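See below for the structure under consideration.
Where a number appears in this text, it was derived from the coordinates with a stated rule and is not lab data. This is a predicted model, so every value here is computed, not measured. Virtual Cβ from ideal backbone geometry, glycine too; neighbours counted across all protein chains shown.
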Amino acid sequence: MSRIEKTFTDLKAQNRKALVPFVTAGFPYADITPDLMHGMVEAGADVIELGVPFSDPSADGPVIQRAGDRALALGIGLTQVIAMVKTFRERNTTTPVVLMGYANPIERYDQKHGGGSFVRDASAAGVDGVLVVDYPPEECEDFAAALRAADMDLIFLLAPTSTEERMAQVARVASGYVYYVSLKGVTGAGTLDVGQVEAMLPRIRAHVGIPVGVGFGIRDAETAKAIGKSADAVVIGSKIIQLIEDEPHEKVVAVAAHFLRTIRKALDA
């Protein structure tokens, strides 16, 4: 049983929903990420999604694009991200960590370090899952199998436009959880329609037997609570990035943790 599966199993037994914050690795300061991860766990995070900076993030809106650009300028790439997870694991061996990003850095990593090196090194560092935005399910069954063999999960996005056929394709390959993108657009765009999400989740669950998280557009405790009534997990990214992007180094962790505590309290209410 992977750490992700165990976390969701434990939460279900407690009748609680997973809080999944997203932060870009190396943002807003190159050395902040492990401490920020610990702070988010202490504030109630159940799973952490760690964004791998990339120069052409097709699914990300302006807020996360800026974060990625800033991290890249600080010299943060996939090698550094894996090292951050390893540092986090020195003090935390239970909270799942998911790397979220794009195919290019992973494939470049394998080119530089040898075939299969990303899976090997990510597993050794303590990574639990990988969400690759631009890997369609029909093209990465071997990658999914390699991850599973290393006790890691391959997580997929589903969208309001996903067909029944696409849901079935994802269900055959995905493990851990699936991430339902609640909006047609990029991260941080638009206003979330809670009713539309509630209507979509039963359709997804007709095909997908693993937990379903919802993200894109969740910005406050009220919306998180509403989504948590039907979803298994609530994913929040752009709002956290906005809150911390202009903070001095010494305040970043506290600001993120304060916000997450309001979300945790709402989810548990």
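For ALA18, which sequence-distant residues (separation of 5 or more, or a different chain) have an amide H within less than 5 Å of its own amide H, given hydrogens modelled in the peptide plane?
ALA233, VAL234
Once amide H atoms are placed 1.01 Å from N in the peptide plane, what residues at a sequence separation of 5 or more from TYR180, or on another chain, have their amide H within under 5 Å of its amide H?
Amide H to amide H, under 5 Å and 5 or more residues apart or across chains, TYR180 pairs with LEU158, GLY213, VAL214, GLY215.
How long is the gain from GLN111 to ALA83 if the chain were fully straight, where each residue apart is worth 0.36 nm and the alpha carbon distance is subtracted?
Numbers: separation 28, 0.36 × 28 = 10.08 nm, distance 1.85 nm.
So the extension gain works out to 8.2 nm.
Beyond 24 Å, what percent of the Cα pairs of segment 42-155 remain? Write out the running numbers ahead of the final one.
On the way: 1451 of 6441 pairs.
Considering segment 42-155, 23 percent of its Cα-Cα pairs are separated by more than 24 Å.
Dipole of segment 106-229, Cα-centred, from +1 at each Lys and Arg C-beta and -1 at each Asp and Glu C-beta, to the nearest 20 debye? Numbers along the way, then the final one.
Working: 12 positive and 17 negative charges, 60 e Å.
Dipole magnitude for segment 106-229 comes out near 280 debye.
Rank the residues SER117, SER55, SER2 as a footprinting-exposure proxy: fewest other Cβ atoms within 10 Å of their Cβ go first. Kindly include the intermediate steps, with their values, before the conclusion.
Values: SER117 14, SER55 11, SER2 18.
The fewest-first ordering by Cβ neighbours comes to SER55, SER117, SER2.
Run through all the Cα pairs of segment 115-268 and give the fraction in each 5 Å bin from 0, expressed as whole percent.
Per 5 Å bin, starting at zero, the Cα-Cα P(r) for segment 115-268 comes out as 1, 9, 17, 17, 18, 16, 13, 7, 2, 0 percent.
So if I place +1 on the C-beta of Lys and Arg and -1 on the C-beta of Asp and Glu, and nothing else carries charge, what would the dipole magnitude of segment 27-74 be about its Cα centre? I want it in debye, nearest 20. Numbers along the way, then the final one.
Values: 2 positive and 8 negative charges, 35 e Å.
Computed charge dipole of segment 27-74: roughly 180 debye.
Given the chain reduced to its alpha-carbon atoms as identical point scatterers, what log10 I(q)/I(0) does the Debye formula return at q = 0.07, 0.09, 0.11, 0.14 Å⁻¹?
-0.21, -0.35, -0.54, -0.93
What are the lysines whose alpha-carbon lies under 27 Å from the alpha-carbon of LYS251, with same-chain residues fewer than 8 places away excluded?
LYS86, LYS225, LYS239, LYS265
Give me, ordered by chain and number, the residues 5 or more places off GLY51 or on other chains with an amide H under 5 Å from its own placed amide H.
VAL23, THR24, ALA25, MET100
Taking 0.36 nm per intervening residue step and subtracting the Cα-Cα distance, what contour gain separates HIS249 from ASP69 on full extension? Each step should come with its number before you reach the end.
Details: separation 180, 0.36 × 180 = 64.80 nm, distance 1.80 nm.
So the extension gain works out to 63.0 nm.
Given +1 on the Cβ of Lys and Arg, -1 on the Cβ of Asp and Glu, and no further charges, what dipole in debye does the chain carry about its Cα centre, rounded to the nearest 20? Walk me through the numbers on the way to the answer.
Working: 27 positive and 34 negative charges, 127 e Å.
My answer is approximately 620 debye.
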